[in-house]
Ligand SMILES: N#Cc1c(N)ncnc1-c1cnn(Cc2cccc(F)c2)c1
């Protein structure tokens with residue numbers, strides 16, 4: 001049965017993402033739990049991918065470390081054996097797939113950086129010639145590399161709805177000029193470093209979404225998950241072909257299977273065959289090991 005917040009019935013549930021749960025821990029901490037659920041074409045599928053939650057949690061933790069000189073994170077601990085006593089009944093369900101974090105006052109803007117044109121950015125470009133107020137050269141196609149990475153803030157839509165790209169001026173109007181400028185600076189700086197690191201490993205970071213919040217001392221911290229295949233588009237460099245939908249590093253087997261079945265995307269997602277589940281699990285483990293240089297088995301032995 002896919003992990004749902006009912007499995008943590010004794011905890012104070014704050015919210016659900018498509019494949020994640022958020023709980024309050026005391027007054028000043030939250031617990032982010034990544035399930036093994038997977039979504040494709042915006043539909044959460046009924047079949048879980050073993051290890052997916054642990055891979056994405058391990059990736060976030062690694063990226064937070066890589067970025068610590070640029071921005072502090074919200075993470076307090078990922079060692080379940082050191083979690084507060086109220087979490088003890090759930091230790092094994094949380095091992096490797098959870099982060100105990102400072103409870104932040106979240107900034108109500110999704111901070112998106114794009115190095116390549118696709119998804120909602122491509123749709124905005126095809127309609128207006130721009131993305132979030134950034135005028136772009138003519139003739140760009142799906143998968144085109146942008147002349148330089150751009151910051152395209154968006155609203156935070158409820159689950160099941162799409163975030164709406166907004167201009168930087170609109171973002172400043174919502175959160176203030178100074179904070180808006182700081183978020184833009186940080187978002188592009190982090191994206192630049194992550195892009196170089198991924199490219200060194202033969203992976204193109206097409207775009208990503210960051211969330212930030214302020215702690216009780218007013219310090220701005222990088223929050224949520226970071227630079228995972230769920231919050232970002234990662235493309236294998238050797239199959240990059242502008243002009244068509246790019247193969248997803250992690251979800252292509254699932255996309256190809258769903259397309260092969262003729263599945264109606266307005267219908268519930270079908271169960272996945274075992275070979276597609278295993279191939280996808282392997283892709284997630286490969287993504288972790290290729291990006292971090294750490295064996296996934298070693299990650300699991302540290303949590
Ligand atoms: N990160 C973080 C965070 C924090 N450190 N303090 C307070 N709130 C949040 C927070 C609020 N919304 N989300 C997104 C979200 C929603 C649902 C499930 C999830 F796993 C994640 C995260």
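Every read-out reported here was derived from the displayed coordinates using simple, explicitly stated rules and does not represent laboratory data. What you are looking at is a predicted structure, and each value in this text was computed from that prediction instead of being measured. Counting neighbours? That spans all protein chains shown, and the Cβs are built from the backbone with ideal geometry, glycine included.
The calculated P(r) of segment 33-181, using every Cα pair and 10 Å bins from 0, goes 10, 26, 34, 23, 7, 1 in percent.
Between residue 297 and residue 244, the modelled label-to-label distance comes to 3.7 nm, taking each label 7 Å out from Cα in the direction of the beta carbon.
Taking a ≥ b ≥ c as the square roots of the Cα gyration tensor eigenvalues, segment 1-103 comes out oblate, since a/c reaches at least 1.5 and a/b does not exceed b/c. Segment 181-258 to segment 266-303: how many Å between their Cα centroids? What the calculation gives is 17 Å, centre to centre. Every Cα-Cα pair in segment 147-283 was counted, and those over 27 Å apart are 35% of them. If you take the Cα centroid of segment 82-109 and the Cα centroid of segment 17-78, the two points sit 10 Å apart.
Hey, any idea what Rg/Rh is for the chain, computing Rh the Kirkwood way over Cα pairs?
Result: Rg/Rh = 0.95.
Model label sites at residue 69 and residue 174, defined 7 Å from Cα along the beta-carbon direction, differ in position by 3.3 nm. Remark: segment 211-303 is approximated by an ellipsoid whose semi-axes, taken from the C-alpha gyration tensor as √(5λ), come to 29, 19, 16 Å, largest first. Size descriptors for segment 249-289 (Cα atoms only): Rg and Dmax, in that order, 11.2, 35 Å. For segment 150-204, just say rounded, prolate or oblate: build the C-alpha gyration tensor, square-root its eigenvalues into a ≥ b ≥ c, call rounded for a/c under 1.5, and beyond that prolate if a/b exceeds b/c, oblate if not. Taking the square roots of the gyration eigenvalues as a ≥ b ≥ c, segment 150-204 is oblate. Here the calculated FRET efficiency for residue 216 and residue 261, from their Cβ-Cβ distance with R0 = 45 Å, stands at 0.35, rounded to the nearest 0.05.
Summing -39500 (n - 2.57) over the DSSP H runs of n ≥ 4 in the chain and dividing by its residue number, what mean residue ellipticity at 222 nm do you reach, to the nearest 500 deg cm²/dmol?
-9500 deg cm²/dmol
Our summary gives segment 12-101 a relative contact order of 28 percent, counting only alpha carbon pairs under 8 angstrom and 6 or more residues apart.
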